[in-house]
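To start, the structure under review is shown below, and the notes come after it.
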């Protein structure tokens, strides 16, 4: 994919912003300041300038911050990990519906405090600061003025997302792998493509390779280099090259190398395998839904 001068500038600014976040966490020795989905949000808003994400800049702050607070509060409850994930996802869906937002990375910021067992208020402060910086950046770029309003979440999409989440969480809990219940980047991509008119095997395959590849890159680099900062500096450009080779723009892929930095050791080593299973389940299901259910629905509506 050829990059224009402006795109190169945006990539550089976005990369520096993400590295600044990791550097801040390193300086303060506080893992909870590393927010993986800020990597995805930065890519989608500053670099790719996704029209659906930047159309209402204030929601870049409101939606991820709101879901992060939901996840942080739920994490304090005395319920099982799987129950926290399910309850969190349901409340996040409701919040996004109330805000009339379909900003998919919000699910990831809400799941993160549950995954890393965030207990310090530095997590909330960090999410408020970094999402406000992203919002200000979008206002300064001004591209949001030339985008079309994004559609609110449809009821049918909420139902499908909820059912799929329940099936996934229930399955991994049943087989004794409840730590696999929350895979934010995969769920973000699933929510994004769920709202698309068409989604086929070709694109799903590219998304699969990108997600699994990014997860593997994050794990391998961090195994070789313990430093949070150096791991991020090395792995993020490699993910960028992977996406260039695949010729796709997938903001969620940039979250995986950062997620690898903050995962508990039991989840860290399983991350590539978890990414394979979760991507196969969620992306494969949505391809089948788009291929068989959507045409049937359109046909039924036409006959009516």
Task: Residue among 140, 289, 35 with the largest mean-square fluctuation in a Gaussian network model of the chain, springs linking Cα atoms under 10 Å - done: 140
Task: Correct option for Cα extents along the principal axes in Å [calculated from the coordinates] among (1) 63, 48, 35; (2) 85, 41, 38; (3) 52, 50, 45 - done: (1)
- [ ] Return a whole-number percent for the relative contact order of the chain, with Cα pairs under 8 Å and 6 or more residues apart as the contact set.
- [x] 24 percent
Task: Least to most buried among 168, 121 (fewest other Cβ within 10 Å first) - done: 121, 168
TODO: Quick one: work out Rg over Rh on the C-alpha atoms of the range 146-304, Rh as Kirkwood radius.
DONE: 1.02
Open item on the list: For a quick check, take a GNM of the chain with Cα springs below 10 Å and name the residue from 210, 23, 68 with the largest mean-square fluctuation.
Closed with: 23
Task: Theoretical ellipticity at 222 nm over the chain - DSSP helices of four or more residues, -39500 (n - 2.57) apiece, nearest 500 - done: -23000 deg cm²/dmol
- [ ] Name the most mobile residue of 130, 292, 17, meaning the one with the largest mean-square fluctuation, in a Gaussian network model of the chain with Cα contacts below 10 Å.
- [x] 292
TODO: Order by neighbour count: 32, 37, 83, fewest other Cβ atoms within 10 Å first, most last.
DONE: 83, 32, 37
- [ ] Please report 79, 248 as a ranked list, fewest other C-beta atoms within 10 angstrom at the top and most at the bottom.
- [x] 79, 248
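Laboratory data are not the source of any read-out in this text; all were calculated from the coordinates shown. Treat the numbers as computed from the prediction; the structure is a model and nothing was measured. Cβ atoms come from the backbone with ideal geometry, glycine included; neighbour counts cover every protein chain shown.
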